[in-house]
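Engineer: Can you keep this structure in mind? I'll have questions shortly.
The values are calculated or read from the model by the stated rules, or taken from the named source; none is laboratory data. For clarity, every value in this text was computed on a predicted model and none was experimentally measured. A quick note on method: Cβ atoms are made from the backbone with ideal geometry, for glycine too, and the neighbour counts reach across all protein chains shown.
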Protein chains: 2
Amino acid sequence: MERSNTVFIGRKPVLNYVLACMTLFKSGQENVIVKARGQSISRAVDVVEVLKNRFMPDVEVAEIKIGTEQVQSEERSMPSNVSTIEIMLKP
Amino acid sequence: MERSNTVFIGRKPVLNYVLACMTLFKSGQENVIVKARGQSISRAVDVVEVLKNRFMPDVEVAEIKIGTEQVQSEERSMPSNVSTIEIMLKP
């Protein structure tokens, strides 16, 4: 479920996602959710920390959820589990 | 501050750290804290998810904190920032 207040973290540089969060806040979003899975989880935490420490010091981490999703990869017939994180931010 | 109820996540396989958490719970610890920084943050989430889903389904994530630490690397004279995560577990 992709929502318009969600920034999904991939393999781009951290600052790209920081800018995406700032754009959402400036557009009037009350909450911004940073989502990632697998190896990108570390980058999601980087995005939130850079946003808070360098650009929007008033932003608060309202909630952090972790979980597991099943992913069907092309190479393997069995679905594999991948960890997920959701970090909810408030301005 | 390393405490005896803390599992610090490094580059070993996920199951090593899962076992470390289970050993702490079996020794009578009320809380176990899983800590990681930088690229190991993703593995810390994996450890908690594998522990919950495969070995100790009653374990609850009581709190998740993220932050930033300064690290002095040998190659660079300036300290660099690294993201951190602390996941507190209750049996």
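Engineer: Which residues, counting only those in the stretch B:25-39, are farther than 15 Å from residue A:49 by Cβ and surrounded by fewer than 19 Cβ atoms within 10 Å (Cβ to Cβ)?
Structural biologist: B:26, B:27, B:28, B:29, B:30, B:31
Residue-by-condition table, conditions (1) at pLDDT 95 or above; (2) in contact with a strand residue (DSSP E or B) (Cβ under 8 Å, 6 or more places away or on another chain); (3) under 17 Å from residue B:84 (Cα atoms):
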site	(1), (2), (3)
A:42	yes, yes, yes
A:46	yes, yes, yes
A:49	yes, yes, yes
A:54	yes, no, yes
A:63	yes, yes, yes
A:70	no, yes, no
A:74	no, no, no
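Engineer: Please report, ordered by residue number, the strands (runs of 3 or more DSSP E) entirely within the stretch A:3-91 with at least 3 residues that are without any contact (Cβ under 8 Å) to a residue 24 or more places away in the chain.
Structural biologist: Once the strands (runs of 3 or more DSSP E) in the stretch A:3-91 are filtered for at least 3 residues that are without any contact (Cβ under 8 Å) to a residue 24 or more places away in the chain, what remains is A:60-71.
Engineer: Among the residues of the stretch B:26-34, is any at pLDDT 95 or above, out of contact with any Phe, Trp or Tyr (no Cβ under 7 Å at 6 or more places or on another chain) and of a type in the set (Val, Ile, Thr)?
Structural biologist: Yes, the stretch B:26-34 has at least one match.
Engineer: A further question follows. With the structure loaded, tell me whether residue A:44 is out of contact with any helix residue (DSSP H, G or I) (no Cβ under 7 Å at 6 or more places or on another chain), crowded, with 20+ Cβ neighbours inside 10 Å, within 14 Å of chain B (Cβ to nearest Cβ) and among the aliphatic types (A, V, I, L, M) or whether it fails that test.
Structural biologist: In short, yes.
Engineer: Criterion first (buried (at least 18 other Cβ atoms within 10 Å of the Cβ) and either within 21 Å of residue B:81 (Cβ to Cβ) or within 13 Å of chain B (Cβ to nearest Cβ) (or both)) does residue A:12 satisfy it? Give the steps one after another, and end with the answer.
Structural biologist: Details: buried (at least 18 other Cβ atoms within 10 Å of the Cβ): no; either within 21 Å of residue B:81 (Cβ to Cβ) or within 13 Å of chain B (Cβ to nearest Cβ) (or both): yes.
No: the conditions fail for residue A:12.
Engineer: Looking only at the stretch A:60-78, filter to residues that are within 14 Å of chain B (Cβ to nearest Cβ) and farther than 13 Å from residue A:32 by Cα; which one of those is surrounded by the fewest Cβ atoms within 10 Å (Cβ to Cβ)? Full working, then the answer.
Structural biologist: Our first condition is that a residue be within 14 Å of chain B (Cβ to nearest Cβ); within the stretch A:60-78, this holds for A:60-71.
Pick out the ones that are also farther than 13 Å from residue A:32 by Cα and you get A:65-71.
On the way: A:65: 13, A:66: 20, A:67: 16, A:68: 17, A:69: 13, A:70: 9, A:71: 12.
Looking at residues that are within 14 Å of chain B (Cβ to nearest Cβ) and farther than 13 Å from residue A:32 by Cα, I get A:70.
Engineer: Next question. Go through the stretch B:1-40 residue by residue and tally those that are at positive phi and in contact with a Gly (Cβ under 7 Å, 6 or more places away or on another chain).
Structural biologist: 0
Engineer: Return only the number of the condition from (1) modelled with pLDDT of 95 or more; (2) more than 12 Å from every other protein chain (Cβ to nearest Cβ) that residue A:86 does not satisfy.
Structural biologist: Here residue A:86 clears every test but (2).
Engineer: Tell me, yes or no, whether the stretch A:48-59 has at least one residue that is surrounded by fewer than 14 Cβ atoms within 10 Å (Cβ to Cβ), within 14 Å of another protein chain (Cβ to nearest Cβ), in contact with a Lys or Arg (Cβ under 7 Å, 6 or more places away or on another chain) and not hydrophobic (A, V, I, L, M, F, W, C).
Structural biologist: Looking for residues that are surrounded by fewer than 14 Cβ atoms within 10 Å (Cβ to Cβ), within 14 Å of another protein chain (Cβ to nearest Cβ), in contact with a Lys or Arg (Cβ under 7 Å, 6 or more places away or on another chain) and not hydrophobic (A, V, I, L, M, F, W, C), one finds none in the stretch A:48-59, hence no.
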